[in-house]
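In what follows, a single structure is set out as structure tokens and then discussed.
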């Protein structure tokens with residue numbers, strides 16, 4: 001049954017069809033809105049479809065069923081393969097001019113965050129987001145090559161590092177994989193479950209040597225050595241049986257300073273500076289010693305978080321879209337309202353949620369909560385301004401029909417999944433996904 005059986009009273013655009021946008025759409029429809037959901041990708045799902053590790057099929061299947069239910073609601077219009085933004089198929093101002101009362105931006109963090117180090121332009125230097133999109137078959141990344149070689153360095157110590165290590169160790173079988181960490185083992189950010197997937201590939205003797213090097217630095221700031229060590233070695237004890245001979249190591253207290261060129265434009269190593277921790281009124285500040293060394297490798301993957309796309313059409317601060325410092329409609333004391341610090345643009349009709357509000361903050365569960373909260377903030381605004389004069393979207397449909405491209409609609413999504421499931425069955429594999437938008441669009445047309 002649709003969430004809202006009566007005639008809708010509000011007209012809202014949601015830009016981005018990941019978990020935040022989809023769950024927000026459900027909340028908005030339940031409150032009497034007609035929602036038009038725009039998606040850059042052909043397939044809905046965002047982080048849930050293209051960010052979760054590719055073999056977590058049970059989790060993905062459950063989320064796909066929930067999303068399918070949302071897209072079946074007659075008051076949710078879905079338009080995929082449509083980019084929204086200043087350089088896109090349609091702009092935010094275009095949507096407002098077409099009669100939308102408000103816009104909820106849930107486009108995620110689609111920009112690429114770098115550290116600005118010498119050599120980042122070398123071949124085989126990657127950002128984790130691009131690699132994750134590649135192995136999850138998101139066009140165009142699925143069609144690009146990401147050669148890793150036999151010796152891989154991964155920068156970071158969170159769950160994204162674990163996902164990349166999982167892929168290069170258990171899928172590719174790279175011989176040497178090293179995680180480089182600015183801080184120490186006491187500040188690991190990954191979950192035990194993700195670490196345990198490849199923990200048995202840890203070179204325990206090397207880890208013990210590394211631990212001895214780290215011990216004085218951890219003791220100097222009063223960190224609990226036993227608890228920290230138990231996280232790593234407990235993962236080894238409880239970990240999955242290895243499927244490759246990959247050797248995994250850590251290099252703690254090592255801050256990246258630059259990439260080494262092999263003389264032919266390829267990555268040959270990572271230069272790092274030794275660091276230590278300094279207690280700055282309760283905050284553990286990472287301080288460089290000036291001592292540097294090079295870790296030989298054939299590829300480097302940066303797992304350092306993401307940032308929003310600065311070309312989207314909203315003001316940005318740091319890695320995020322600017323948010324109103326004194327929100328009119330806060331939810332749990334959090335601002336979901338877009339804001340122009342320069343005071344040149346009135347953005348009162350535009351709201352933010354998910355990674356568009358706070359980049360790289362949590363996974364699907366967090367995106368769901370934030371999308372729901374963003375919708376609640378937007379609904380407060382709609383309550384103040386009143387009902388829409390019209391919720392008709394014919395003018396929008398005519399605008400989209402004039403685009404020189406195929407626009408994907410609600411009914412196309414189950415056709416696409418059906419086509420991919422059929423191929424998976426024929427190939428005898430658990431899952432099959434098309435690597436190109438053209439292939440997906442052709443599959444939809446054949447159904």
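The values are calculated or read from the model by the stated rules, or taken from the named source; none is laboratory data. These numbers come from a predicted model, not from an experiment. Every residue, glycine among them, receives a Cβ derived from its backbone with ideal geometry; neighbour counts consider all protein chains shown.
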Under the condition of being under 19 Å from the mean Cα position of the chain (by Cα), surrounded by fewer than 19 Cβ atoms within 10 Å (Cβ to Cβ) and within 22 Å of residue 83 (Cα to Cα), which residue from segment 315-345 is modelled with the lowest pLDDT? 319
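Rundown of residues vs (1) surrounded by 13 or more Cβ atoms within 10 Å (Cβ to Cβ); (2) free of Cβ contacts under 8 Å to residues at least 12 places away in the same chain; (3) assigned by TED's automatic domain parsing to the domain that holds residue 93; (4) within 24 Å of residue 193 (Cβ to Cβ), yes/no style:
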{"site": "219", "(1), (2), (3), (4)": "no, yes, no, no"}
{"site": "228", "(1), (2), (3), (4)": "yes, no, no, yes"}
{"site": "231", "(1), (2), (3), (4)": "yes, no, no, yes"}
{"site": "235", "(1), (2), (3), (4)": "yes, no, no, yes"}
{"site": "245", "(1), (2), (3), (4)": "no, no, no, yes"}
{"site": "281", "(1), (2), (3), (4)": "no, yes, no, no"}
{"site": "291", "(1), (2), (3), (4)": "no, no, no, no"}
{"site": "313", "(1), (2), (3), (4)": "yes, no, yes, no"}
The condition from (1) free of Cβ contacts under 8 Å to residues at least 60 places away in the same chain; (2) surrounded by fewer than 21 Cβ atoms within 10 Å (Cβ to Cβ); (3) over 21 Å from the mean Cα position of the chain (by Cα); (4) assigned to a helix (DSSP H, G or I) that residue 369 misses is numbered (3)
Among the residues of segment 295-311, which ones are outside any strand (DSSP E or B), out of contact with any helix residue (DSSP H, G or I) (no Cβ under 7 Å at 6 or more places or on another chain) and modelled with pLDDT under 95? 304, 305, 309, 310, 311
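Could you check segment 89-105 and list, in sequence order, the residues that are outside any helix (DSSP H, G or I) and surrounded by 19 or more Cβ atoms within 10 Å (Cβ to Cβ)? Write out each step before concluding.
Of segment 89-105, the ones outside any helix (DSSP H, G or I) are 89-91, 98-105.
89, 90, 100, 101, 102, 103, 104, 105 - these are the residues of segment 89-105 that are outside any helix (DSSP H, G or I) and surrounded by 19 or more Cβ atoms within 10 Å (Cβ to Cβ).
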Residue in segment 341-361 that is farthest from residue 63 (Cα to Cα), counting only those that are part of a loop (DSSP other than H, G, I, E, B) and touching a helix residue (DSSP H, G or I) at 6+ places or on another chain (Cβ under 8 Å): 348
Name the helices (runs of 4 or more DSSP H) wholly within segment 1-88 that hold at least 3 residues that are over 16 Å from the mean Cα position of the chain (by Cα) and closer than 14 Å to residue 378 by Cβ? 19-30
Within segment 312-334, which residues are in a strand (DSSP E or B) and within 20 Å of residue 360 (Cβ to Cβ)? 316, 317, 320, 321, 323, 334
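Every residue, every condition in (1) within 29 Å of the chain's Cα centre (by Cα); (2) under 29 Å from residue 107 (Cα atoms), yes or no:
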{"site": "272", "(1), (2)": "yes, no"}
{"site": "282", "(1), (2)": "no, no"}
{"site": "289", "(1), (2)": "no, no"}
{"site": "293", "(1), (2)": "no, no"}
{"site": "297", "(1), (2)": "yes, no"}
{"site": "301", "(1), (2)": "yes, yes"}
{"site": "307", "(1), (2)": "yes, yes"}
{"site": "313", "(1), (2)": "yes, yes"}
Being crowded, with 21+ Cβ neighbours inside 10 Å and either within 16 Å of residue 410 (Cα to Cα) or out of contact with any strand residue (DSSP E or B) (no Cβ under 8 Å at 6 or more places or on another chain) (or both) is true for just one of 33, 17. Which residue is that? 17
Selected residue [over 18 Å from residue 157 (Cα atoms) and surrounded by 19 or more Cβ atoms within 10 Å (Cβ to Cβ)] from 272, 260: 260
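Of all the residues that make up segment 132-153, how many are in contact (Cβ under 8 Å) with a residue 60 or more places away in the chain and touching a strand residue (DSSP E or B) at 6+ places or on another chain (Cβ under 9 Å)?
Pass one, segment 132-153, residues in contact (Cβ under 8 Å) with a residue 60 or more places away in the chain: 132-133, 135-140, 142-143, 147-153.
In the following step, the residues that additionally are touching a strand residue (DSSP E or B) at 6+ places or on another chain (Cβ under 9 Å) were identified as 147-153.
Of the residues in segment 132-153, 7 are in contact (Cβ under 8 Å) with a residue 60 or more places away in the chain and touching a strand residue (DSSP E or B) at 6+ places or on another chain (Cβ under 9 Å).
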Condition first: buried (at least 19 other Cβ atoms within 10 Å of the Cβ), under 22 Å from the mean Cα position of the chain (by Cα) and assigned to a helix (DSSP H, G or I). Now tell me which residues in segment 171-201 satisfy that. 194, 195
Residue that is farthest from the chain's Cα centre (by Cα), among those in segment 106-131 that are surrounded by fewer than 15 Cβ atoms within 10 Å (Cβ to Cβ) and in contact (Cβ under 8 Å) with a residue 12 or more places away in the chain: 118
